[in-house]
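Engineer: Please find one structure pasted underneath; my questions will follow.
The values are calculated or read from the model by the stated rules, or taken from the named source; none is laboratory data. Since the structure is predicted, the reported quantities are computational estimates derived from the model, not experimental observations. Here the Cβ positions follow ideal geometry from the backbone for every residue, glycine too, while neighbour counts run over all protein chains shown. Please note that ligands, DNA and RNA were not included when accessible areas were found on the heavy atoms of the full protein model with its side chains. Shrake-Rupley method; radii C 1.70, N 1.55, O 1.52, S 1.80 Å.
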Amino acid sequence: MDADVVAAKLESLRRCVARVEARCPATVDALTTDLDAQDIIALNLSRAVQLCVDLALHRLSTSGATAPATMGGAFDALVPVGTITAALAGRMKSAVGFRNLAVHQYEAMDWAIVHAICTEHLGDFREFAKLVG
């Protein structure tokens, strides 16, 4: 992945996070009843997670580290090479869990958790982008 591709992925990540931020209602109750916001948020959070995984795998490939067996493992593998902290790796692995639920079991979404991600954890994506960019 060359520098232009990395830059494009970082810009896509920025747009996804901005879209989530712009569409997240102020309350969980409002999100629970706003189907359009649910779709926009779930899609953009899923995309954001996938972009972070892609960026993590790229960073690992350029560091010579062994490729992980799982998406979440990509974040763990960035810790020993000094790219991210263990705390951020843990939060990004949780984001992978959300992504898997959004992609494979959308009907089981807990919108209170999604709202918490939107209001408390978007900074994790920004921090990750800053560290891998």
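Engineer: With charges only on Cβ, +1 for K and R and -1 for D and E, what is the dipole size of the chain about its Cα centre, in debye, rounded to 20? Don't jump to the answer; show the numbers that get you there.
Structural biologist: Values: 12 positive and 15 negative charges, 79 e Å.
My answer is approximately 380 debye.
Engineer: Each residue of the stretch 24-36 in turn: what ³J(HN,Hα) in whole Hz from Karplus with 6.51, -1.76, 1.60 and θ = phi - 60°, glycine and Pro shown as x?
Structural biologist: Result, ordered by residue: 6, x, 5, 10, 4, 4, 5, 5, 4, 9, 9, 5, 5 Hz.
Engineer: List, largest first, the extents of the alpha carbons of the stretch 22-110 along their principal axes, each in whole Å.
Structural biologist: So the extents along the principal axes, rounded to whole Å, are 47, 23, 17.
Engineer: Accessible area per residue of the stretch 37-100 at 1.4 Å probe, in Å²?
Structural biologist: So the stretch 37-100 comes to 41 Å² accessible per residue, rounded to a whole number.
Engineer: If you don't mind, there's one more thing I want to ask. HN-Hα J couplings of the stretch 49-56 from phi, Karplus 6.51/-1.76/1.60, θ = phi - 60°, integer Hz, Gly and Pro as x?
Structural biologist: Using θ = phi - 60°, the values come out as 5, 4, 4, 5, 4, 4, 5, 5 Hz.
Engineer: Determine the distance separating the Cα centre of the stretch 1-62 from the Cα centre of the stretch 73-101; give it in Å without decimals.
Structural biologist: 15
Engineer: Same structure again: Rounded to the nearest 500, what is the chain's calculated 222 nm mean residue ellipticity when only DSSP H runs of at least 4 contribute -39500 (n - 2.57) each, over all residues?
Structural biologist: -25500 deg cm²/dmol
Engineer: Ok, one more. Quick test of your reading: applying the under-4.7 Å Cβ rule, which cysteines of the chain are isolated?
Structural biologist: Cysteines of the chain left without a disulfide-compatible partner: Cys16, Cys52.
Engineer: Then there is this: If you take the beta carbon distance between Thr62 and Ala108 as r and set R0 to 30 Å, what does 1/(1 + (r/R0)^6) give as a FRET efficiency, to the nearest 0.05?
Structural biologist: On the way: r = 37 Å, r/R0 = 1.23.
Taking R0 as 30 Å, the efficiency between Thr62 and Ala108 is 0.25.
Engineer: Probe radius 1.4 Å, ligands and nucleic acids ignored: give me the carbon and sulfur share of the accessible area of the chain as a rounded percent.
Structural biologist: Whole-percent figure for carbon plus sulfur exposure: 55.
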